[in-house]
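The values are calculated or read from the model by the stated rules, or taken from the named source; none is laboratory data. Every value quoted in this text rests on a predicted model; they were computed, and no experiment measured them. Cβ coordinates were reconstructed from backbone atoms using ideal geometry, including for glycine residues, and neighbour counts include every protein chain displayed.
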Amino acid sequence: MHDPRSGELLGVVDVSGPAETVHPTTVALVGTAVKLAEASLWRCHEKGLDALRTVAVPVLAAASAPGMVVDDHGWVAAVRGLPHLDRVAMPTADGPVAVPGLGLCVPEAVPGGWLLRPGASGRTALRLTLELDAHPPRAVVAATNVWVYPLSTRHAEVLLLLARAGRTGMDAAALSTALYGHVGSLVTIRAEVSRLRKAIGGILLARPYRLAPEVEVVLPDLATSPFVAGSTAPAVRALAAG
């Protein structure tokens with residue numbers, strides 16, 4: 001059973017006993033129990049967002065600049081002066097959050113969540129540098145501050161492919177073909193990108209998957225990159241040939 005807000009594993013529904021005594025409907029029963037529990041958690045999440053909106057609306061109304069109020073998991077309760085987003089990176093008091101349309105924001109605590117708005121200088125340009133040949137690969141995001149995200153090989157490949165795709169982006173089927181050479185499990189692709197979005201937040205957009213337009217991307221020399229040459233993803237290996 002997973003937390004529908006964050007994807008975090010919360011627990012397991014266990015039915016133990018001899019295999020020969022398991023009824024054919026047991027698996028379906030377990031699946032139904034998981035779905036009901038996750039649905040109940042989601043309803044609690046929606047109630048929490050509704051409660052947060054009672055705080056968000058007057059806070060945003062008093063602000064002269066665009067902004068948004070989100071909960072502790074980055075789910076958006078209300079926005080002002082921006083297209084609506086479902087979710088941004090999980091805010092913390094320890095560092096900035098990259099938000100499409102706002103740039104780099106320092107979260108400000110409000111009851112039940114966070115206020116995200118640009119600083120006095122307005123939008124902050126973002127630069128994403130993919131250091132593919134580091135060990136492990138990493139994404140370096142620079143604006144008024146610099147922060148570093150270690151990447152798995154697969155996440156580094158996804159970011160590289162999306163950087164090359166530009167503003168047109170890629171859907172799950174296109175990413176699957178690029179990574180595996182065929183349209184395989186789209187659920188796996190969506191889960192991988194979801195985990196990546198939790199890490200780097202508003203830099204990575206969905207529908208289709210693409211990098212936010214305000215992000216400048218810096219890539220290494222792909223023709224000489226050991227990471228590119230050693231990749232198992234067909235579309236990544238092809239980049240070495242130009």
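So here's what we get for this one:
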item: Residue satisfying condition, being among the aliphatic types (A, V, I, L, M) and crowded, with 19+ Cβ neighbours inside 10 Å, within set Ala241, Ala233; result: Ala233
item: Meets criteria (over 19 Å from Val97 (Cβ atoms), outside any strand (DSSP E or B), of a type in the set (Gly, Ala, Ser) and in contact (Cβ under 8 Å) with a residue 40 or more places away in the chain) for Ala199; result: no
item: Number of the exception - Thr224 against (1) surrounded by 19 or more Cβ atoms within 10 Å (Cβ to Cβ); (2) in a loop (DSSP other than H, G, I, E, B); result: (1)
item: Residues (under 22 Å from Ala89 (Cβ atoms), surrounded by 10 or more Cβ atoms within 10 Å (Cβ to Cβ) and among the hydrophobic types (A, V, I, L, M, F, W, C)) located in segment 7-43; result: Leu10, Leu41, Trp42
item: Number of the exception - Val158 against (1) in a loop (DSSP other than H, G, I, E, B); (2) modelled with pLDDT of 95 or more; result: (1)
item: Residue within segment 26-37 that is assigned to a helix (DSSP H, G or I), at pLDDT 90 or above and within 17 Å of Trp75 (Cα to Cα) present; result: no
item: Options Ala56, Ala65; residue that is assigned to a helix (DSSP H, G or I) and among the aliphatic types (A, V, I, L, M); result: Ala56
